[in-house]
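Here's the structure we're looking at; comments come further down.
The values are calculated or read from the model by the stated rules, or taken from the named source; none is laboratory data. Predicted model, so just to flag it, every value in this text is computed and none were measured. Cβ atoms come from the backbone with ideal geometry, glycine included; neighbour counts cover every protein chain shown. In case anyone asks, the SASA skips ligands and DNA or RNA and just uses the protein heavy atoms, side chains included. Shrake-Rupley method; radii C 1.70, N 1.55, O 1.52, S 1.80 Å.
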Amino acid sequence: SFQNEINEVPFFDVQLPYELALKIFQYLGKAELGRCAQVSRTWKVLAEDQVLWYRLCQEEGYLLDVSISEQPCWKLALKNCRARERTLKYNWKNRIGAVSQLRYELGKVLCDVHSCDGVVIAGYSSGEVRLWDTRTWDYTAPSLEAVHDPGHAGPRPHVSFVRINSSLAVAAHEDGTVSVWNVLLGREPIHHYQHNQRLQALALGTEGAAVATASGFEVKVEAPSDRGFWQTTATFEIQKLVNFLNLVPDVAGSPVAVAAAEDIVYLLKAEGPAKVLHSVYGQPVTCLDVSAHEAAFGIKTFGWLLNEPNQVLLYNLETNQCLTKVGNSTGDFTCVNLHASPAHMLVAGNKDRRVRVFDLRRGESVCSLYAHQLGVSAVQMDDWKVVSGGEEGLVCVWDQRMGTKLWEMHARHPVRHVWFNSHSLITANIPEDKNPRGGSTTDDDLAVHRKYRGVIYSYEFSVEQLAGDSVLPICRSSYAEVTGYNYNIGLAVPYDSI
């Protein structure tokens, strides 16, 4: 081919070796390479060299786990990636996509929901734990078997917490039992342990296999040994009851946890006792989130000092120093999301109905959205949008730069879980009351049950996922439900696409 014959490339009045000319072209962007391709036949070959476009693709964050030999044309690959991103953004802004409800049996009230990369775990008042993989269309919901004392008659205790990551699923029940499953291996738990009383908090790392639980005045960290046998790697005694517990992601060696107990924040490392990260008497912590190197938490200042309103504090976990304080609000900060936010950014929701986005380098709010009448209960952001959920059951999607609401969806109960990636969104409305109307009457009365049970929604905005050959949501019903139960038809949004 013509490219194989090029050894020297004309550069004005000198001839350069191809490799050297390629090094010069590495400093050019997409537009400059396009202009250079129009200069001559030789420059066109050079400007469309696979190495240049592979590097541009990687710089823009596309196809990061693909090697250079896997794509025939990297210029086209970059073009396709950018077009897909534009389409996704358009679909998000205009709510073009499919929405489905993740359903379950009658008479069961939703207790807790968590998700990881499109896989959703839900725990119910029946003691049942279910998994959904929303990355496939016709997902069934396998039930995870929990270990229970066979001599224990009567109904199983409620699920109090569920967590999931790429490899593990964990559930804690009201009686203090904790079950751990391997998501890939099946329904039988691979590990099981018991606390003397119910848990106040459960944490699972974003990766890896460590589980942390807080019950009474004790925090336990469980992890498998090198040979795969689960064991308690650390136990910490804490003076107060833990309200929030997180495992620090991407930690080499033994797991590290951050726990907030009333007005004290602890850093828990296996080598020694609990270390106090932050403590101000009479200023309780109202929310907590942890990234690989930092912890962010909201504190409530009861207004002894009128000049010190409620704030979000950011601490460095290596130096244990406070890096910055942001937010000056009369309401309590009810939720904060640091780990999923872009670099140097943080999003927090407040009881004063506002969602605030903070720039941590400048220590100030860049965006304040008046969102939810009863206070904000869940938030997440990326580089252009914010998704927030409120106590009144509203999920709102915002354009962060414009500060405008793009669309909203409403369901009856408070939004307790919001998670999204580039093409999908999962939200969960979880009832406060787990035993509505004495419990037993709701098993028969479908309308009453539907009202009280809570709901999980899964949205899909990707064009490939919505292609004509995939099964439409309306055709997904198994028709195995109770007779006369006609709520099993999930319509697409907008309805015209049926």
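Within segment 355-400, how many residues are open to solvent by less than 10 Å² (accessible area, probe 1.4 Å), assigned to a loop (DSSP other than H, G, I, E, B) and of a type in the set (S, T, N, Q)?
Final tally of qualifying residues: 0.
Filter segment 275-291 for residues that are in a loop (DSSP other than H, G, I, E, B) and open to solvent by less than 30 Å² (accessible area, probe 1.4 Å); which is nearest to Thr233 (Cα to Cα)? I'd like the intermediate steps shown before the answer.
From segment 275-291, those in a loop (DSSP other than H, G, I, E, B) are 280-284, 291; that's our starting set.
Now restrict to residues that are open to solvent by less than 30 Å² (accessible area, probe 1.4 Å): 282-283, 291.
Details: Gly282: 32, Gln283: 31, Ser291: 22 Å.
Among those that are in a loop (DSSP other than H, G, I, E, B) and open to solvent by less than 30 Å² (accessible area, probe 1.4 Å), it is Ser291.
Looking only at segment 221-234, how many residues end up being open to solvent by less than 40 Å² (accessible area, probe 1.4 Å) and touching a residue at least 24 places away in the same chain (Cβ under 8 Å)? Outline the logic, then answer.
Within segment 221-234, the first condition is being open to solvent by less than 40 Å² (accessible area, probe 1.4 Å), and the residues that meet it are 221-223, 225, 234.
Now drop any that are not touching a residue at least 24 places away in the same chain (Cβ under 8 Å), which leaves 221-223, 234.
Within segment 221-234, residues that are open to solvent by less than 40 Å² (accessible area, probe 1.4 Å) and touching a residue at least 24 places away in the same chain (Cβ under 8 Å) number 4.
Just to be sure I understand, how many residues within segment 44-92 are open to solvent by less than 40 Å² (accessible area, probe 1.4 Å), among the hydrophobic types (A, V, I, L, M, F, W, C) and either farther than 22 Å from Phe461 by Cβ or in contact (Cβ under 8 Å) with a residue 40 or more places away in the chain (or both)?
Residues meeting the conditions: 12.
Which of the strands (runs of 3 or more DSSP E) found entirely inside segment 64-144 contain at least 2 residues meeting this: at pLDDT 90 or above, in the same structural domain as His173 (by the TED database) and in contact with a Phe, Trp or Tyr (Cβ under 6 Å, 6 or more places away or on another chain)? First the steps, then the outcome.
Details: elements: 98-102, 110-116, 119-124, 129-133.
Filter on segment 64-144 gives 110-116.
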